[in-house]
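Bear in mind these aren't lab numbers, they're just calculated from the coordinates by the rules spelled out. Everything numeric here is computed off the predicted structure, so don't read it as measured data. Positions of Cβ are backbone-derived with ideal geometry, glycine not excepted, and every protein chain shown enters the neighbour counts.
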């Protein structure tokens with residue numbers, strides 16, 4: 001970006017204080033339950049819904065998915081599921097089709 005002139009070199013070096021390598025979510029599947037819990041708590045307040053849990057089969061589907069969109073995709077999937085959820089726990093039908101169809 002700097003060599004193409006689309007990003008100022010001085011700004012780049014001001015922002016580049018620490019290099020941080022974070023593996024993609026597909027390589028950190030054990031983080032998914034913790035992240036799901038965080039997103040459920042966050043969206044429960046933001047959306048004003050009574051969803052506060054996720055079923056084991058829905059969690060299994062989340063764990064089986066490869067997450068090409070990383071944490072942002074997971075966040076959006078949980079937000080969507082909470083909007084469609086009719087009970088207190090996110091279930092497989094509440095998840096986006098590309099995630100839920102892996103377990104059908």
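Taking Cα centroids, how far is the stretch 1-43 from the stretch 58-91 in Å?
20
Using helices alone, I'd like the mean residue ellipticity at 222 nm for the chain: each DSSP H run of four-plus residues gives -39500 (n - 2.57), total over residue count, nearest 500. It would help to have the intermediate numbers written out before the result.
Working: 5 runs with 51 residues, N = 104.
Helix-only estimate at 222 nm: -14500 deg cm²/dmol.
What nm distance separates the two modelled labels at residue 6 and residue 102, each placed 7 Å from Cα along Cα→Cβ?
3.0
Using a simple spin-label model with points 7 Å from Cα along the Cα→Cβ vector, what separation in nm is obtained for residue 57 and residue 17?
With each label placed 7 Å out from Cα toward Cβ, I get 4.8 nm.
Taking the chain as a Gaussian network, Cα atoms linked when under 10 Å apart, which of 74, 11, 47 shows the biggest mean-square fluctuation?
Between 74, 11, 47, it is 11 that shows the largest mean-square fluctuation.
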